[in-house]
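Novice: First, the structure itself, so that you have it in front of you.
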Amino acid sequence: MWRSEPWMKAEVPGTRRATIIEKPELAAELLKQGGRILVVCGNGVSTVLSKRSLLDYIVDVAEAVDAHIATSSMAYAKIKSRLTNATWISPMEVAHRVPDPEWMGLDGKGAYKTMVFIGLPYYMTWLILTGLKNFAQSVKTISLDRFYQPNASWSLRNMNIGEWEQFLEALVNKLKA
Amino acid sequence: MKCFSIKKVSLVSKKDLYIKLKEATTTLGVLRDVEISIDRIIYEEFEEPIGPTPMPSIKDLRSWDYTLLKRYRPFYMPFCELCCLCTFGKCDLSMGKRGACGLDMAAQQSRIVLLACCIGAATHTSHAKHLVEYLIERYGRDIPLDLGEGVGVEAPIVRLVTGIKPRTLRDLEDVLSYVDNQLIHLLASTHTGQEGDALDFESKVLHVGMMDHLAMEVADIAQISVMGFPKSDPDAPLIDSGFGIVDKSKPVIMVVGHNVPSAAGIIDYLIENGLLGQVEVTGLCCTAHDAARYNPRTKIIGPISWQVRYIRSGLPDVVVVDEQCIKTNLIDEARKVDAVFIATSEKNCQGLRDRTEDPVDEVVKDLVERREDGVLIFDAEKVGEVAVKAAIALAPKRRQYKEKPISREAIIEYAKRCIKCMECVRTCPNNLPIMDAMGAAAKGDLSILSGLYEQCIGCVKCEGVCRAKLPIHSMIVWADDVFEKETFKVRAGRGAIKDTEIRAVGGPIVFGEIPGVIAFVGCSNYAYGGRDVYEMSEEFAKRRYIILASGCAAMTLGMYKDEEGKTLYERFPGSFDAGGVVNVGSCVSNAHIAGAAIKIANIFARRPLRANYEEIADYVLNRVGAVGVAWGAMSQKAASIASGFWRLGVPVIVGPHGSKYRRALLGRSDREEDWVIYNARTGEKVYCEPAPEHLFYMAETKEEAIVMIAKLCMRPNDTTKGRAIKLSHYADLYKKFYNALPEDIHLFVRTPADIPITMKDEILALLKEKDWKEKTIPDPTLLPRLIRRRE
């Protein structure tokens, strides 16, 4: 039961909650069919997991689905060295622009259909997602953090670091396949 | 005819003149049953003519608010998607639905922001009213206001908003009556079925912020004038600070809160009875600041987040609470260590018996013999006597509590009882890895546990959910004994900025040669510990920005030392000048920060001040490179303080927890139409630049905040020399953290002369890549009435 509750106990969500992504296959499918994708990274992407850094997984995901990365984290320089499609911008600022139907995205090529969140403090993601859920309803949001984010359209369940790494590894493999 | 009302002099409710005429023959005819009531007679000594908006009502500055809100649009993040404020509900407002009252989600969020800001402003106003009433009772209404030598503009916010030039405490009552009146209307607009538009709620948020600043200014100029606080003194004394400065051999009194009279009562009693120095007076939060301003022998323990750990240390024999930001179950903590508890504010009675009228010795006896856990005393002098006598009587009986409350061995034993349910981790606001720390501690390794100390905000929620009933907060605090040995220096709050200082630095600030004025303010709800605040302020002090500080942030600045063991207050001067680190004082001293910005417009630029809000705010927004940083903002007061700065044109950055204020005010640098201004020289509407880019911004990390601070210090009026200096800091800081030039730097280069000489080649290359074109540097204004010549 706890695996599908908001990770922070008091962050009780509204009436519509995220659908849980149980398997990497589903995440891969959602991303493949996600249209123009923006990946929003927080400072947590610098976390080193047992095999690779979280950043490596995320850059792999972004490359595989031709996504743009938006971040104001300290990982920006590393991301930019691997990916041209990256912009230094705060997650809040990006979320502020998304509801504008005339906004053409960070690369000027059009609106985003899907936004992926990872690495921000739990409560910041929780709040940004609720902003998007209510004011940018045409955009699908996916949380790839290891904690359930009820305000996303799709979220992973609460899981430990080992399970999470396995999930990300499988996701990258599915996307590359 | 029943009654005349003469608006221009009808400022307050107190009736100074009342005339009733049964019959009067005039040139107009015969008047019968005439009643004339003049609320207050103002003796006009203010040489400056009255401006366009004296004592503005909610609607009077609405057009200015809309000008700001059109550029800095709200981004709402509903912290709660339901509304439960009336019996129609709960109403689900999510996904485009409206409540039974008709309100939509955006309006509901801005309504909650307004409610929070009303709470904050009411709190400062109540505080100011109590202080003014207390001082009038002791010293009389006609005691003059005196902010110190070199301060001619004694109350810039009061003059700007109300048009009153206050001379005495009595004049401050008039100001507070106006604030009361506005707060009632603002709060009323949040009732079901009143305001329904998000932007109009936001306009009211800005209005309540302005009221908040008035109340803060009143509170601080009253206490500075009458209570002997430092008066605009850049060399205000350095105050001993930190846990390690408490002399355990002496009786110890702890004061906590924001309203200084009861702490002053304690100090007065000690002085009058020759006991000063024999009893330790120690404080937390803003009462500590103000008690130290009252008497520099007061010791500042630390910010609000240290309340519980300090009581648990057993050091305080007596805990005296006044008002605001006090943990509301401190009485339970005091009971656990046999310390006595004295509440002193009508706003915070804690269920205690009112002993104000009882004989002192009887009250002391009841406390010392534990007949009562705590008492309620509303008389500051009596608080002083009871607290001191109780502390002296109790201290010898409480020696056993003054040693380390929990041993290393006990911590290990407790840790072994952890059942690894993760409730603590999932409840901790900072998501600290408490469970991992317990696992290591159970094996004898306390390093992870002690490593959590810096990031623990002292909320103690972890203990409330612990299924094994472990004293988690105490285990974190006493996993190491560093805490007990910490000593710091905090410069006492100096109060206002002198007019002479403004004259000296006004030009360099407005032209951009002093790259910015950065105010570190607010509470200690830090996401990653207080060191962030220290590092940010050190970074900018070294770069010769002017650093201002207040409240808990001002304490945090003093809690870290360099390699030579010196705090920022010992390394940098306390003057309002490039490279100064200036503690203005407590929360209410934030008014001097806004006041300094206003004074720059008035004293340096000679803009009319009296009742001339829009013009001054327009000046500040376009010309004064000031930024507020409330890195650990927690309270509703912090929200109302910030909203007062927004209306004045000063951007505010908060830390990650600030996102819980549920609304950002963000500019869109990609929308050129948002940055069109008037060139006051020609009357032309021109695209300017996205400066300042945001009004309310939440940063995730200190590095992001540092870069954003440097960026938000840019103003359209910067000279090329000033802009080159500001750009060099912005680019240098961005490079330091992100290893490249900022991708938006071309937006802030107006002419080639703006480009910092040391970065010329790389910036020119980037400009070429971005297809940059030179722009005119305008005489910027958002107000058509300030255009000098129309073409």
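The values are calculated or read from the model by the stated rules, or taken from the named source; none is laboratory data. The model shown is predicted, which means the values in this text are computed figures rather than measured ones. Every residue, glycine as well, gets a Cβ built from its backbone with ideal geometry; the counts of neighbours run over all protein chains shown.
Novice: Does the range A:68-77 hold any residues that are more than 9 Å from chain B (Cβ to nearest Cβ) and within 13 Å of residue B:739 (Cα to Cα), and which are they?
Specialist: Residue satisfying the conditions is A:75 alone.
Novice: Looking for something buried (at least 19 other Cβ atoms within 10 Å of the Cβ), in contact with a strand residue (DSSP E or B) (Cβ under 6 Å, 6 or more places away or on another chain) and either within 14 Å of chain A (Cβ to nearest Cβ) or in a helix (DSSP H, G or I) (or both) - is there at least one such residue anywhere in the range B:712-719?
Specialist: Yes: one or more hits.
Novice: Restricting to the range A:1-45, and then to whatever is in contact with a strand residue (DSSP E or B) (Cβ under 7 Å, 6 or more places away or on another chain) and surrounded by fewer than 18 Cβ atoms within 10 Å (Cβ to Cβ), can you tell me which residue is farthest from residue A:77 (Cα to Cα)?
Specialist: A:15
Novice: Additional query: Answer with yes or no whether residue B:680 is of a type in the set (A, V, I, L, M) and touching a Ser or Thr at 6+ places or on another chain (Cβ under 7 Å).
Specialist: The answer is yes for residue B:680.
Novice: Being closer than 15 Å to residue A:172 by Cβ, of a type in the set (A, V, I, L, M, F, W, C), out of contact with any Leu (no Cβ under 7 Å at 6 or more places or on another chain) and without any contact (Cβ under 8 Å) to a residue 40 or more places away in the chain is the filter here; which residues of the range A:27-71 pass it?
Specialist: A:55
Novice: Looking at the structure I just gave you, is residue B:457 part of a helix (DSSP H, G or I), touching a residue at least 24 places away in the same chain (Cβ under 8 Å) and more than 23 Å from residue B:247 (Cα to Cα)?
Specialist: The answer is no for residue B:457.
Novice: Sticking with this one: Mind telling me which of the residues B:119, B:112, B:42, B:58 ends up being of a type in the set (A, V, I, L, M, F, W, C) and at pLDDT below 95?
Specialist: Unique residue meeting the criteria: B:42.
Novice: Based on this model, can you work out whether residue B:518 counts as over 30 Å from residue B:426 (Cβ atoms), in the same structural domain as residue B:749 (by TED's automatic domain parsing) and outside any helix (DSSP H, G or I)?
Specialist: yes
Novice: Hey, another quick one. Which pairs turn up if I take residues in the range B:131-152 that are in the same structural domain as residue B:610 (by TED's automatic domain parsing) and look for partners that are assigned to a helix (DSSP H, G or I) and surrounded by 19 or more Cβ atoms within 10 Å (Cβ to Cβ) with beta carbon separation below 6 Å, at least 6 apart in sequence or on another chain?
Specialist: Pairs that qualify, where the first residue is in the same structural domain as residue B:610 (by TED's automatic domain parsing) and the partner is assigned to a helix (DSSP H, G or I) and surrounded by 19 or more Cβ atoms within 10 Å (Cβ to Cβ): there are none.
Novice: Looking at the range A:15-52, which of its residues are more than 19 Å from residue A:67 (Cβ to Cβ) and more than 14 Å from chain B (Cβ to nearest Cβ)?
Specialist: Within the range A:15-52, A:19, A:20, A:22, A:23, A:48, A:49, A:50, A:51 meet the criteria.
Novice: Let me ask another. Residues being touching a helix residue (DSSP H, G or I) at 6+ places or on another chain (Cβ under 8 Å), in a loop (DSSP other than H, G, I, E, B) and either over 22 Å from residue A:132 (Cα atoms) or more than 8 Å from every other protein chain (Cβ to nearest Cβ) (or both): count how many of those fall in the range B:77-90.
Specialist: Residues flagged as touching a helix residue (DSSP H, G or I) at 6+ places or on another chain (Cβ under 8 Å), in a loop (DSSP other than H, G, I, E, B) and either over 22 Å from residue A:132 (Cα atoms) or more than 8 Å from every other protein chain (Cβ to nearest Cβ) (or both) within the range B:77-90 amount to 0.
Novice: Counting only residues that are under 17 Å from the mean Cα position of the chain (by Cα), give me the strands (runs of 3 or more DSSP E) lying completely in the range B:596-681 with at least 3 of them.
Specialist: Per the criteria, B:626-630, B:652-654.
Novice: Are any residues in the range B:663-693 within 14 Å of chain A (Cβ to nearest Cβ), touching a Pro at 6+ places or on another chain (Cβ under 7 Å) and surrounded by fewer than 22 Cβ atoms within 10 Å (Cβ to Cβ), and if so, which ones?
Specialist: B:669 - this is the single residue of the range B:663-693 that is within 14 Å of chain A (Cβ to nearest Cβ), touching a Pro at 6+ places or on another chain (Cβ under 7 Å) and surrounded by fewer than 22 Cβ atoms within 10 Å (Cβ to Cβ).
Novice: Next question, about the same structure. Considering only residues that are more than 19 Å from the chain's Cα centre (by Cα) and assigned to a helix (DSSP H, G or I), look in the range B:211-242 and name the one that is surrounded by the most Cβ atoms within 10 Å (Cβ to Cβ).
Specialist: Only one residue fits best here, namely B:225.
Novice: Among the residues of the range A:93-116 satisfying the criterion of being over 9 Å from residue A:36 (Cα atoms) and hydrophobic (A, V, I, L, M, F, W, C), which is surrounded by the fewest Cβ atoms within 10 Å (Cβ to Cβ)?
Specialist: A:104
Novice: Which of the following residues is farther than 30 Å from residue B:269 by Cβ, among the hydrophobic types (A, V, I, L, M, F, W, C), in a helix (DSSP H, G or I) and more than 36 Å from the chain's Cα centre (by Cα): B:448, B:419, B:411?
Specialist: B:411
Novice: Here's another thing I want to ask about it. Among A:177, A:170, which is more than 13 Å from chain B (Cβ to nearest Cβ) and free of Cβ contacts under 8 Å to residues at least 12 places away in the same chain?
Specialist: The unique qualifying residue is A:177.
Novice: Right, next: For the range B:91-107, give me each residue that is facing chain A (nearest Cβ under 10 Å) and either within 15 Å of residue B:191 (Cα to Cα) or basic (Lys, Arg) (or both).
Specialist: B:97, B:104
Novice: Check whether at least one residue in the range A:56-63 is touching a strand residue (DSSP E or B) at 6+ places or on another chain (Cβ under 7 Å), within 13 Å of chain B (Cβ to nearest Cβ) and under 30 Å from residue B:705 (Cβ atoms), and report yes or no.
Specialist: Within the range A:56-63, none of the residues are touching a strand residue (DSSP E or B) at 6+ places or on another chain (Cβ under 7 Å), within 13 Å of chain B (Cβ to nearest Cβ) and under 30 Å from residue B:705 (Cβ atoms).
Novice: Please indicate, with yes or no, whether at least one residue in the range A:103-112 is within 21 Å of residue B:653 (Cα to Cα) and facing chain B (nearest Cβ under 10 Å).
Specialist: No: zero hits.
Novice: When only residues in the range A:79-91 that are within 9 Å of chain B (Cβ to nearest Cβ) and assigned to a helix (DSSP H, G or I) count, which is surrounded by the most Cβ atoms within 10 Å (Cβ to Cβ)?
Specialist: If we take residues in the range A:79-91 being within 9 Å of chain B (Cβ to nearest Cβ) and assigned to a helix (DSSP H, G or I), then A:91 is surrounded by the most Cβ atoms within 10 Å (Cβ to Cβ).
Novice: Which number in (1) within 11 Å of chain A (Cβ to nearest Cβ); (2) part of a helix (DSSP H, G or I); (3) of a type in the set (Asp, Glu) marks the one condition that residue B:732 misses?
Specialist: (1)
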